[in-house]
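**Q** Structure provided below as structure tokens; questions to follow.
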Amino acid sequence: MSWDRPFAQPVPLPEGPPAQTLRDAADYIRKLPQPERDCQEWRLAVQMLIDAAEDRGPMLFARMGIVRALEAHIARTLGSKGQGPSQGQDRGQGNLKCDRDAI
């Protein structure tokens, strides 16, 4: 198992330097608030990181998992600022939410 495996291309992170290795990405995820980490996208990203670290999955999937989770986080953040049902969007249209928020 090697958490020091490098990504082919660094993953830009919203805060701090880009993630160069699996360890960098895992450290970033560990610093997220628990509700954010509980989102489906981050759970999948964590699984892809573990698989890559244990040589059970490709590094590309690990990178894609992180990028997808970051994009979903950005979409949720932007969607929660000034956009909601009063602007013609309801919870099921246009806003990406965690599974726990769908209730």
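**Q** Would you mind getting the accessible area per residue of the range 11-51, heavy atoms of the protein chains only, 1.4 Å probe, in Å²?
**A** Result: 56 Å² per residue.
**Q** Another question about this same structure. Using a 1.4 Å probe over the heavy atoms of the protein chains, calculate the carbon and sulfur portion of the accessible area of the range 1-44 as a whole percent. Working shown, then result.
**A** On the way: 1490 of 2820 Å².
It is 53 percent, rounded to a whole number.
**Q** Between Asp4 and Gln40, 0.36 nm times their residue separation minus their Cα-Cα distance comes to what?
**A** So the extension gain works out to 10.5 nm.
**Q** Report, by chain and number, residues whose modeled amide H sits under 5 Å from the one on Thr21, excluding near sequence neighbours (fewer than 5 apart, same chain).
**A** Those qualifying (amide H under 5 Å, at least 5 residues apart or on another chain) are Phe7.
**Q** Rounded to whole Hz and in sequence order, give me ³J(HN,Hα) for the range 64-70 from the Karplus expression 6.51 cos²θ - 1.76 cosθ + 1.60, θ = phi - 60°, writing x for Gly and Pro.
**A** With coefficients 6.51, -1.76 and 1.60, one gets 4, x, 5, 4, 5, 5, 5 Hz.
The values are calculated or read from the model by the stated rules, or taken from the named source; none is laboratory data. Note that the structure is a prediction, hence the values are computed from the model and not measured. Heads up: the accessible areas ignore ligands, DNA and RNA and are worked out on the full protein's heavy atoms, side chains in. Shrake-Rupley method; radii C 1.70, N 1.55, O 1.52, S 1.80 Å.
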